[in-house]
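Right, one structure below, let's go through it.
The values are calculated or read from the model by the stated rules, or taken from the named source; none is laboratory data. Quick caveat: nothing in here was measured; it's all calculated off a predicted structure. Note: ideal-geometry Cβ built from the backbone for every residue, glycine included; neighbour counts use all protein chains shown.
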Amino acid sequence: MARRSTKTPPPDETFEEKILDVDVVDEMQGSFLEYAYSVIYSRALPDARDGLKPVHRRIVYQMNEMGLRPDRGYVKCARVVGEVMGKLHPHGDASIYDALVRMAQPFSMRLPLVDGHGNFGSLGNDDPPAAMRYTECRMADATSLMTESIDENTVDFNPNYDGKEREPVALPAAYPNLLVNGATGIAVGMATNMPPHNLGEVVAAARHLIKHPGADLETLMRFVPGPDLPTGGRIVGLGGIKDAYERGRGTFKIRATASVENVTARRKGLVVTELPFTVGPEKVIAKIKDLVSAKKIQGIADVKDLTDRSHGLRLVIEIKNGFVPEAVLEQLYKLTPMEESFGINNVALVDGQPLTLGLKELLEVYLDHRFEVVRRRSEFRRTKRRDRLHLVEGLLVALIDIDEVIRLIRSSENSAQAKERLIERFGLSEIQTQYILDTPLRRLTKFDRIELESERDRLNGEIDELTGILDSDAELRKLVSSELAAVAKKFSTERRTVLLESGASAIAAVPLEVPDDPCRVLLSSTGLLARTPNGEPLALDDARRTKHDVIVSAVPATARGQIGAVTSSGRLLRVAVIDLPQLPDTASAPNLSGGAPVAEFLTLEADETLVCLTTLDESSPGLAIGTEQGVVKRVVPDYPSHKEELEVISLKDGDRIVGAAELRTGEEDLVFITDDAQLLRYQASQVRPQGRPAGGMAGIKLAAGAKVISFTAVDPATDAVVFTVAGSKGTLVGDAESSAKLTPFDQYPRKGRATGGVRCQRFLRGEDALMLAWAGAAPARAAQKNGTPADLPDPDPRRDGSGVPLTKPVAALAGSV
């Protein structure tokens, strides 16, 4: 076979050869700038709106598109990586899998975005993750919030690398992910290194900024005092944190959490339970062994890694006899990775530009994004509801004269003529007419008309509500704030990282703003809450009474602790003491005028009231509860720390709590007082403690039509009194003149539980019920409905005597606190 020869045609016959002279400096500059922009914008830096780099955003979005929701089964990570790489991220599978692994590591992210199943590595990467063909994954519970309402035109979409798919520019992000999970990345000429934070604290700061857009940094740092790292530890150097929150850059040190324990029968040791962020135990152990071998550190006998899945990190460092463990610990902080520096560099993309942002700027960028998302979502939903309303209204028009509609359709030559005649006859739009023609006859019944009218009314209400959000900036901000609060309530966890003041020996935890000093939390009769500057009981001074000084409940606490609030519906709600206003240290009387209403801290139902405050001390004798139907209960003090709301009694239908008190000794007397003037007193020991879900037991035997109006616990060893106010049924408490009686508590004998008790006041003419009653430690105090002090009558030794007229109507009673 003859070889075929090819001949290159002369240049002037097929194409004209052009050679351009380009300066190598200009070429390098242009190419490098393009490369730098690509790295900065498409790879290394997170977006300040959703806090994600492109690869992370694509992973989350693609998992959502694949339906890998938390309630679905796991799939192989290789499948997710393949989908992301083939559709959205045309880079190596290793980079995608590395990003996915980090999103599943609870020690890397404060709120993981991927729920992993299998070996996803260990702290410090001492144990690398398994290959993606072995591991499985799905979306974590919180990840659905990142893509929530993404199909409602909330964010813009761009074409992918080949134009065949579309991907979001940013995710809707129902919480500030950039602050919560942080970010790290190295671009060209710049880098970012942002630490994780506590979700509850960040949301609290964001909500405060929504309500007060002009809030300064000092105010925001009351909510976000510092980073909250997934691995816990202790942060040293609050000055660097403030610099970072103000200017976007700062440095602080992270220390391991260690305690001195008896690790063997003869030796003490240091037990490390938390290490600095990104530091693993293997790295610490290797460094300690090198230092011991080089004789640069003394006093260490052995190092053991007892970490397991049940107990978490546990690194035991045995100390030789004759050495002080605390001194050895200081050496370890100085010479090993048990203390590491973290440089904050808050660089993120804002409108495609890399900027260095402070705390307030980060929150503002996120909130602006969230306002836009909610606005676009509301517009989308309103449009959908308007379209549906248009169809429903058209169908209702047809149903009014259905016979005429059927006649027109039957007499038409074809569907086009039927459509034209319906439009002309009823004034319908083309869309409405087509919908009527497509509707089967079985839906044109009387019942369906009722359903359509109900749907029309519902749609009108929803459209009005959405219009209110779109037309009012205040309503929009309120909605965003409430959605953030719901996210925090569901996903917020306790702070893991302790903040320490800077110093060479900052071992003990020091609060950033308020020391964790003892205090007392007070609840006034007018519903004000406050805390005192110390934990001492209040000294009542009847000669210098002030408004709001009737304190119905007081409990000891610490400034950074929590207390419980018991409501009339049987709920116990946690209250953070730090949120309550502090009374002046120079208060001359127990005046709660500086307090704040309960509604600012607790969400109560319309008919629900706050009954009392209680500590969450599980070593106490428990909580005593009395209900309107005469049920008594002693609650076993079991208050799980992860629950913000607990049920302390199962109430019967129509029943409610009228009184509750935390027992101090268990030797108190429980006192019921009914509206028919019966008082029953018996020892608390007669009531068997029960678990929180129990319904209690019979406390007092009630006469027909009677109900309990007061329940208290009284220490019989104290000077106590009984105060009762009589009136007529149907009159509101504190609204009318009435008679009252003040009687020593020891005038009432003890009776058995579930008996009827003894009479505590004789009714005068025109009186048929007790309006108000109370038993407790003297001196007793009374107040009107607005908190103004009211005078009490002189003591009456007769337990069943009649009362004397009051000069002012009384609405609340209390005693020594």
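Annotation for segment 301-312: no member residue is in contact with a Ser or Thr (Cβ under 6 Å, 6 or more places away or on another chain), under 20 Å from T278 (Cα atoms), assigned to a loop (DSSP other than H, G, I, E, B) and not hydrophobic (A, V, I, L, M, F, W, C).
Has segment 133-153 got any residue that is of a type in the set (F, W, Y) and outside any loop (DSSP other than H, G, I, E, B)? Among the residues of segment 133-153, not one is of a type in the set (F, W, Y) and outside any loop (DSSP other than H, G, I, E, B), which makes the answer no.
Within segment 757-774, can you find the residues that are surrounded by fewer than 18 Cβ atoms within 10 Å (Cβ to Cβ) and either at positive phi or under 47 Å from the mean Cα position of the chain (by Cα) (or both)?
G766
Counting only residues that are in contact with a helix residue (DSSP H, G or I) (Cβ under 8 Å, 6 or more places away or on another chain) and surrounded by 19 or more Cβ atoms within 10 Å (Cβ to Cβ), which one in segment 269-282 is nearest to P196 (Cα to Cα)? Only one residue fits best here, namely T278.
Here's the yes/no breakdown for (1) touching a helix residue (DSSP H, G or I) at 6+ places or on another chain (Cβ under 6 Å); (2) at pLDDT below 95; (3) in a helix (DSSP H, G or I); (4) among the β-branched types (V, I, T):
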site: N193; (1), (2), (3), (4): no, yes, no, no
site: G214; (1), (2), (3), (4): no, yes, no, no
site: E218; (1), (2), (3), (4): no, yes, yes, no
site: G226; (1), (2), (3), (4): yes, yes, no, no
site: T231; (1), (2), (3), (4): no, yes, no, yes
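Being under 31 Å from the mean Cα position of the chain (by Cα), surrounded by fewer than 19 Cβ atoms within 10 Å (Cβ to Cβ) and in the same structural domain as E451 (by TED's automatic domain parsing) holds for only one residue in R314, R376, and it is R376. Taken over segment 84-101, the criterion of being surrounded by 20 or more Cβ atoms within 10 Å (Cβ to Cβ) and part of a helix (DSSP H, G or I) is satisfied by V84, I96, Y97, A99, L100, V101.
Of the conditions (1) surrounded by 20 or more Cβ atoms within 10 Å (Cβ to Cβ); (2) in contact with an Asp or Glu (Cβ under 8 Å, 6 or more places away or on another chain); (3) over 18 Å from A183 (Cα atoms), A348 satisfies every one except a single condition; which number is it? Against the list (1) surrounded by 20 or more Cβ atoms within 10 Å (Cβ to Cβ); (2) in contact with an Asp or Glu (Cβ under 8 Å, 6 or more places away or on another chain); (3) over 18 Å from A183 (Cα atoms), A348 comes up short only on (3).
For I150, indicate whether it is more than 29 Å from the chain's Cα centre (by Cα) and under 30 Å from A205 (Cα atoms). It is false that I150 is more than 29 Å from the chain's Cα centre (by Cα) and under 30 Å from A205 (Cα atoms).
Could you run through segment 84-126 and say how many residues are farther than 20 Å from F277 by Cα, within 29 Å of the chain's Cα centre (by Cα) and in contact (Cβ under 8 Å) with a residue 40 or more places away in the chain? Residues in segment 84-126 being farther than 20 Å from F277 by Cα, within 29 Å of the chain's Cα centre (by Cα) and in contact (Cβ under 8 Å) with a residue 40 or more places away in the chain: 2 in total. With respect to (1) free of Cβ contacts under 8 Å to residues at least 60 places away in the same chain; (2) over 30 Å from the mean Cα position of the chain (by Cα); (3) closer than 27 Å to M194 by Cβ, the lone exception for V397 is condition (3). When we screen D617, D638, D607, D653 for residues that are acidic (D, E), closer than 27 Å to G757 by Cβ and assigned to a loop (DSSP other than H, G, I, E, B), the only hit is D653.
Summed over segment 236-268, residues that are at pLDDT 90 or above, surrounded by 22 or more Cβ atoms within 10 Å (Cβ to Cβ) and part of a strand (DSSP E or B) total 4.
Looking only at segment 452-486, which residues are farther than 18 Å from D368 by Cβ and in contact (Cβ under 8 Å) with a residue 40 or more places away in the chain? Correct list: L452, E453, E455, R456, L459, N460, E462, I463, L466, T467, A485. In this entry, R381 is excluded by the filter for residues that are at pLDDT below 90 and at negative phi.
Among residues of segment 116-131 being outside any loop (DSSP other than H, G, I, E, B) and on the phi > 0 side of the Ramachandran plot, the one that is surrounded by the fewest Cβ atoms within 10 Å (Cβ to Cβ) is N125. If you go through segment 132-160 and keep only what is in contact with a Gly (Cβ under 8 Å, 6 or more places away or on another chain), over 16 Å from D71 (Cα atoms) and buried (at least 16 other Cβ atoms within 10 Å of the Cβ), you end up with just T135. Within segment 560-597, the set of residues being at pLDDT below 90, buried (at least 20 other Cβ atoms within 10 Å of the Cβ) and either within 22 Å of R781 (Cβ to Cβ) or touching a helix residue (DSSP H, G or I) at 6+ places or on another chain (Cβ under 7 Å) (or both) comprises L580, L583, P590, N591, L592, G595.
Counting only residues that are over 16 Å from the mean Cα position of the chain (by Cα) and not in a helix (DSSP H, G or I), segment 195-212 holds 3 of them. Residues in segment 640-652 include none that are in contact with a Cys (Cβ under 8 Å, 6 or more places away or on another chain), small (G, A, S) and either free of Cβ contacts under 8 Å to residues at least 60 places away in the same chain or over 22 Å from Q629 (Cβ atoms) (or both). Set side by side, the residues T219, T192, T184 differ, and just one is free of Cβ contacts under 8 Å to residues at least 40 places away in the same chain and farther than 27 Å from L313 by Cβ, which is T219. Among the residues of segment 408-436, those identified as under 30 Å from E379 (Cβ atoms) and not aromatic (F, W, Y) are I423, G427, L428, S429, E430, I431, Q432, T433, Q434, I436.
Criterion applied to E364, E330, E318 was being farther than 17 Å from I300 by Cα and either part of a strand (DSSP E or B) or out of contact with any Leu (no Cβ under 6 Å at 6 or more places or on another chain) (or both), and the one residue passing it is E364.
Of the set (1) acidic (D, E); (2) surrounded by 15 or more Cβ atoms within 10 Å (Cβ to Cβ); (3) under 19 Å from K751 (Cβ atoms), all apply to E608 but (3).
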